[in-house]
1. Rounded to the nearest 5, what % of DSSP beta bridges with both residues in the chain are antiparallel?
2. Express the relative contact order of the range 59-143 as a whole percentage, based on alpha carbon pairs under 8 Å and six or more residues apart in sequence.
3. Between rounded, prolate and oblate, where does the range 109-203 land on the alpha carbon gyration tensor, with a ≥ b ≥ c its root eigenvalues, rounded for a/c under 1.5, else prolate if a/b exceeds b/c?
4. In whole angstrom, how far apart do the alpha carbon centroids of the range 162-229 and the range 59-121 sit?
5. For the chain, modelled as a Gaussian network with Cα springs under 10 Å, which listed residue fluctuates most, GLU223, GLU21, GLU232?
6. Relative contact order for the chain: what is it in percent, counting Cα pairs under 8 Å that are at least 6 residues apart?
7. Using DSSP to call loops (not H, G, I, E or B), can you name the trypsin sites (Lys or Arg not before Pro) in the range 183-277 whose Cβ has at most 15 other Cβ atoms within 10 angstrom?
8. Just from its helices, what would the mean residue ellipticity at 222 nm be for the chain, if runs of 4 or more DSSP H residues each count -39500 (n - 2.57) and the sum is divided by every residue, rounded to the nearest 500 deg cm²/dmol?
Amino acid sequence: MRRFAALLFAAALAISALAQEKPLVVGVDGTFAPHAMPKLGGGVEGFNVDLINAIGAKMGRRIEIFAGQFSGLIPAMNAGELSFVGAPTTVTPERAQQLLFTEGYLNTYYAFVVPVKSADVNSFTQLKGKTISVNRGSAYDKWLQENAGKYGFRAESFGTNADAVQALISGRADVHMSGNTVAAYAVLKAKDQIKLASLKLDEGLVWGAAFRKDDAPLRNAVEEALECLKQEGTVARLHEKWFGFKPAAGAAALTIYPGYGVPGLPGYDPKPHQLHCK
């Protein structure tokens, strides 16, 4: 009887400790549809919001979603205000020098959007003399700033991706650039005004969750939860729910990679680990 009481007491302590554990405060770009966007009644919804909440449930951790402009999320995380950045963050060698990332959960490439009545754009030479709108602080913004002189276009950065799309619709920009899923969703919602261009830039990049450089334990725990969600098909189901189609064979949404992080990039830890999915 005493042993049973002791077990009950230990269980109660464990539950109490879990309840008192601080929630994970996770940053998203609240205007980056369909990954995170305002919903009726308040708050945000989208692929990444669902994914973050599923990761928290798998870890047994409470989640608080913080929605802000993408350009401010990484500074807020580095200042200790966010546990990690759950917004789609393109994993580049430059970013991997400064941050830790989980393995990729979605493949991403750069897509271009033009007004529906304009001519198609299928080569970089056609960008000469054009104004291209983009979300400030994103990987797409960085690419445009670095290549503006080479191709002769003008990059105009906006605080939100929604504002960058609206600049195209209103005629303040000739072209818009963003990630493939976001561009496709924007066109779906405004197909009488804008269309996808034939031009795209695929550098084999992925989106991952971003962490402070000194926070490998949390990165690893989140990655293990993410891998369990891949294994049980949750990521694939969310992909179909929000994007309207199943991920292709071999896509990051389906693939569990060895080690922790993105193989071949700084911050990658090749240490093997066993999954213990609940």
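What follows draws every value from the coordinates through simple rules; no lab data is involved. All values derive from a computational prediction rather than experimental measurement. FYI the Cβ positions are ideal-geometry reconstructions off the backbone, even for glycines, and counts take in every protein chain you see.
1. 60
2. Computed value for the range 59-143: 33 percent relative contact order.
3. Rounded is the answer for the range 109-203, as its axis ratio a/c remains below 1.5.
4. 8
5. GLU21
6. 24
7. Listed in order of number, the matching sites are LYS191, LYS213.
8. That comes out to -11500 deg cm²/dmol.
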